[in-house]
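> My questions will all concern the structure given below.
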Amino acid sequence: MELRDLRTFVTLASLLNFNQTGKVLNAAQSTVSMRIKALEDELDVRLFERLGRKVVLTESGLKLLQYARKMLEIEEEARASVSDNAASGNVTIKVPESLECHRMPGVLLAFRRKIPTGRVRILPCIAGNVAEDLRRGVTDLAFVFAYEPSARDINAAFLGTDELVAVAAPEHPLAGMKMVGPADILKHSLLLAASDCSYRRTFEIFLSETANLPQPSVECDCVAAAISMVRAGLGLTILPEMAVRDHIAAGALRRLPLIGGPFETGVFMLWHKDKWLSPCLRDFMAVCRDHLMRE
């Protein structure tokens, strides 16, 4: 098996899109297809199912992915051990949207200054599949809120806390109240992140003081969309303070003073315990610790 073909396979397995894979690898889509077909012919298995425009890994593809990532890691480790530019390399991370938009720019700027040749690829973070993605090698690192250690093979580094705030449109009935409790919130529409959002549970614990935990009227995966909906008067929500700071300062959102607040959520960096930490990855992790823990 050619390492070039394996690299193409791993990239496609992560993106599940031939066109995007070609852009990442700076190769034509036909070249990507040719390399995947070469692997499938050599192994005499089907690695991907093409379902219309969708691409999904087969069972054989899932098995190969584990070995392919190990082989590419060994190649990278060998290059790093003999290269004069050992710090160059690639880092793939999963980051929640609010953290990506408001904290990662500073991290990436500091990393670029330290390792100009390092490259970082950011994937969207869904809390429910983070551990499995780390095991499969889909991502090198993952950043999450409110991590509860449950797997012995996942390492976690605490990077600090971020405040959670409830917000509503300025004209919302609760916007003028001095204190807001669960009973007050139950009278109005909720707009919450999807159920796998780790900081949503903090709000649900607060609301569980009532007899019944309310169902949100709208669930949304996109923080920017959630903010737009709240600003339009569709309901109230809870989000990391960094995501709504500018909107509150501009008067577009009003912070709701919750009884028992303020509430906080931890920020954690996760990686698999058996993951080989390349010089580039170690440098990136050091920058994250230094930059995020100072904020």
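The values are calculated or read from the model by the stated rules, or taken from the named source; none is laboratory data. Just so you know, these numbers come straight off a predicted model, no measurement behind them. Cβ atoms come from the backbone with ideal geometry, glycine included; neighbour counts cover every protein chain shown. In case anyone asks, the SASA skips ligands and DNA or RNA and just uses the protein heavy atoms, side chains included. Shrake-Rupley method; radii C 1.70, N 1.55, O 1.52, S 1.80 Å.
> What's the local net charge at PRO124, with K and R +1, D and E -1, over the other residues with C-beta under 10 Å away?
Numbers: positive: LYS94; negative: GLU97, GLU100, ASP221.
Net of charged neighbours comes to -2.
> Something else about it: Over 5 Å intervals from 0, what percent of Cα-Cα pairs in the chain sits in each interval?
1, 5, 11, 13, 15, 13, 12, 10, 8, 6, 4, 2, 1, 0
> Let me ask something else about it. Please give the helix 59-82 orientation as an angle from the longest Cα principal axis of the chain, in degrees from 0 to 90, rounded to the nearest 10.
With rounding to tens, the tilt is 80 degrees.
> Here's something else I'd like to know. To test your reading of the geometry: what angle, between 0 and 90 degrees and rounded to tens, separates the Cα axis of helix 279-294 from the longest principal axis of the chain?
Approximately 10 degrees, to the nearest 10.
> If you average the sequence gap of Cα pairs under 8 Å that are 6 or more apart and divide by the length of the chain, what percent do you get for the contact order?
Details: 442 pairs, mean separation 68.3, N = 295.
The value is 23 percent.
> Something else: Calculate how many DSSP beta bridges within the chain are antiparallel, expressed in % of all such bridges and rounded to the nearest 5.
65
> Among 173-180, 282-289, how do they line up from the highest to the lowest mean number of other beta-carbon atoms within 10 Å? Could you put the intermediate results ahead of the total?
Values: 173-180: 12.9, 282-289: 18.4.
Taking the mean over residues of other Cβ atoms within 10 Å, the ranking is 282-289, 173-180.
> Specify the angular offset, from 0 to 90 degrees and rounded to the nearest 10, of the alpha carbon long axis of helix 104-114 from the longest principal axis of the alpha carbons in the chain.
40
> Convert each backbone phi in the stretch 167-184 into a coupling constant with the Karplus relation 6.51 cos²θ - 1.76 cosθ + 1.60 (shift: θ = phi - 60°), then list the ³J(HN,Hα) values in order as whole Hz, x for Gly and Pro.
9, 8, 5, x, 8, 5, x, 7, 5, x, 7, 6, 9, 10, x, x, 4, 5
> Using helices alone, I'd like the mean residue ellipticity at 222 nm for the chain: each DSSP H run of four-plus residues gives -39500 (n - 2.57), total over residue count, nearest 500. Could you put the intermediate results ahead of the total?
Working: 12 runs with 130 residues, N = 295.
Rounded to the nearest 500, the figure is -13500 deg cm²/dmol.
> On average, how much accessible surface per residue is there in the stretch 8-110, in Å², for a 1.4 Å probe, leaving out ligands, DNA and RNA? Display every interim value, and only then the final one.
On the way: 5670 Å² over 103 residues.
About 55 Å² of surface per residue is accessible.
> Counting only pairs 8 or more residues apart or on different chains, how many lysine pairs in the chain have their Cα atoms under 27 Å apart?
Final tally of qualifying lysine pairs is 26.
> Enumerate the calculated ³J(HN,Hα) couplings along the stretch 33-48 in order (Karplus 6.51 cos²θ - 1.76 cosθ + 1.60, θ = phi - 60°), each rounded to whole Hz, writing x wherever the residue is Gly or Pro.
So the J values, rounded to whole Hz, are 4, 5, 5, 5, 5, 4, 5, 5, 5, 5, 8, 6, 9, 9, 8, 9.
> With all protein chains present, calculate the accessible area of ARG79 using a 1.4 Å probe and round the result to the nearest 10 Å².
Number for this one is 150 Å².
> Report, as a whole number in µm² per second, the diffusion coefficient that Stokes-Einstein gives for the stretch 129-180 at 25 °C and 0.890 mPa s using the Kirkwood radius over alpha carbon pairs. Intermediate results must be reported in sequence, preceding the final value.
Values: Rh = 14.6 Å.
The estimated diffusion coefficient comes to 168 µm²/s.
> Same structure again: For the stretch 1-153, what % of the accessible area comes from carbon and sulfur atoms, probe 1.4 Å? Walk me through the intermediate numbers first.
Numbers: 4270 of 8610 Å².
Answer for the stretch 1-153 is 50 percent, counting heavy atoms of protein chains only.
> So who's got an amide H within less than 5 Å of the one on CYS220, skipping anything under 5 residues away but keeping other chains? H placed 1.01 Å off N, in plane.
Under 5 Å from the amide H of CYS220 lie the amide H atoms of LEU192, ALA193, ALA194, each far enough along the sequence or on another chain.
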